[in-house]
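Report on the structure given below.
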Amino acid sequence: MAAENSSYVTEFILAGLTDQPGLRIPLFFLFLGFYVVTVVGNLGLIMLIGLNSHLHIPMYFFLLNLSFIDFSYSTTLTPKMLVGFVSKKNTISYAGCMTQFFFFCFFVFSESYILSAMAYDRYVAICKPLLYAVTMSPQVCLLLLWGVYGMGVFGAVAHMGNLMFMTFCSDNLINHYMCDIIPLLELSCNNSYVHLLVVFIVVTIGIGVPIVTIFISYGFILSSIFHISSTEGRSKAFSTCSSHIIVVSLFFGSGAFMYLKPPSILPLDQGKVSSIFYTAVVPMFNPLIYSLRNKDVKIALKKTLSRKIFS
């Protein structure tokens, strides 16, 4: 049993993704495959951008950081989830739970804002092409990146501060495969309304502000595209944005479905399935989407492979 105060809780038990023993081994290999593809895809994209000088432009600078964030937060969660599939009792220490939750929040908030920075980059490239080199200078890109990781720190610290004021009573079973704020709220014996309100506000800042930024950017982008006279020009402009639109839809769609609805509307068991998309599926798909739908990345990959074969 857990003690009355959270300071006496030494460990939590993670319920995992499923309680059906027959599904655990198949799910273990499924998510192990997801994780391998995620690691290889994101680290491969990072190396590809680093090794090819023609990709050293703002668009790929942000894409490199997106791959780093995807790799990092997938690594924060997936190995522990895999252990849960093969262990009889999946426990995590109180300190380990808080650490996992902190880095999870940091990387998820960072991903939200790196996607909005990428949308702004596409807005400048399409709507103000003559000013692109000046507007997206290395100094501006670094400032945007500082803002991205700064908001990551804000989100992690805000959620952790909220969590530190919670007390846990008689149950230490987390109905999830990871330490997340909603299942931890269910274990709290505090007035959960205040904590839930804080969660809603922080998540709205983490998801709402980037979504508004992205919608505004693409509003201007679509307006500029429709004013392009040639079909080829419109097609080229659309193609530069299509990969980003797909990634944004997958990430924010699953995240909003999980966090921007009250638990009474979205049961936690269904929320676990939703969270799979932004913790395991999206980090795996991002490098594939940008690799398969991006001509520059394909050319860079062919050149890198040809250099390796020739050497």
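Gly147 - would you say it is open to solvent by 10 Å² or more (accessible area, probe 1.4 Å), within 30 Å of Tyr290 (Cβ to Cβ), assigned to a helix (DSSP H, G or I) and not basic (Lys, Arg)? Reasoning before the result, please.
Numbers: open to solvent by 10 Å² or more (accessible area, probe 1.4 Å): yes; within 30 Å of Tyr290 (Cβ to Cβ): yes; assigned to a helix (DSSP H, G or I): yes; not basic (Lys, Arg): yes.
Yes; evaluated as a whole, the condition is true for this residue.
Here Ile92 passes the criteria (1) in contact (Cβ under 8 Å) with a residue 12 or more places away in the chain; (2) in a helix (DSSP H, G or I) except the one numbered (2). On inspection, Phe215 fails the criterion of being aromatic (Phe, Trp, Tyr) and either within 18 Å of Phe102 (Cα to Cα) or buried (at least 19 other Cβ atoms within 10 Å of the Cβ) (or both). Within the stretch 39-86, the set of residues being in contact (Cβ under 8 Å) with a residue 12 or more places away in the chain, polar (S, T, N, Q) and more than 22 Å from Ser116 (Cβ to Cβ) comprises Asn52, Thr75, Thr78. So in the stretch 239-252, with the set limited to residues that are within 13 Å of Ala125 (Cβ to Cβ) and over 16 Å from the mean Cα position of the chain (by Cα), which one is least open to solvent (accessible area, probe 1.4 Å)? If we take residues in the stretch 239-252 being within 13 Å of Ala125 (Cβ to Cβ) and over 16 Å from the mean Cα position of the chain (by Cα), then Cys241 is least open to solvent (accessible area, probe 1.4 Å).
Under 14 Å from Gly206 (Cβ atoms), at pLDDT below 95 and open to solvent by less than 10 Å² (accessible area, probe 1.4 Å): is that true of Ile174 in this structure? Even if it seems obvious, please write down each step before you answer.
Numbers: under 14 Å from Gly206 (Cβ atoms): no; at pLDDT below 95: yes; open to solvent by less than 10 Å² (accessible area, probe 1.4 Å): yes.
Judged against the criteria, Ile174 is not a match.
Do we have Ile126 as modelled with pLDDT under 95 and either part of a helix (DSSP H, G or I) or of a type in the set (Phe, Trp, Tyr) (or both) here? Step through it out loud before you land on a result.
Values: modelled with pLDDT under 95: yes; either part of a helix (DSSP H, G or I) or of a type in the set (Phe, Trp, Tyr) (or both): yes.
The answer is yes for Ile126.
The values are calculated or read from the model by the stated rules, or taken from the named source; none is laboratory data. Fair warning: this is a prediction, and the values are worked out from it, not measured in the lab. Here the Cβ is made from the backbone with ideal geometry for all residues, glycine too, and neighbour counts use every protein chain on show. The protein model used for the area step is the full one, side chains on, heavy atoms only, and it has no ligands, DNA or RNA in it. Shrake-Rupley method; radii C 1.70, N 1.55, O 1.52, S 1.80 Å.
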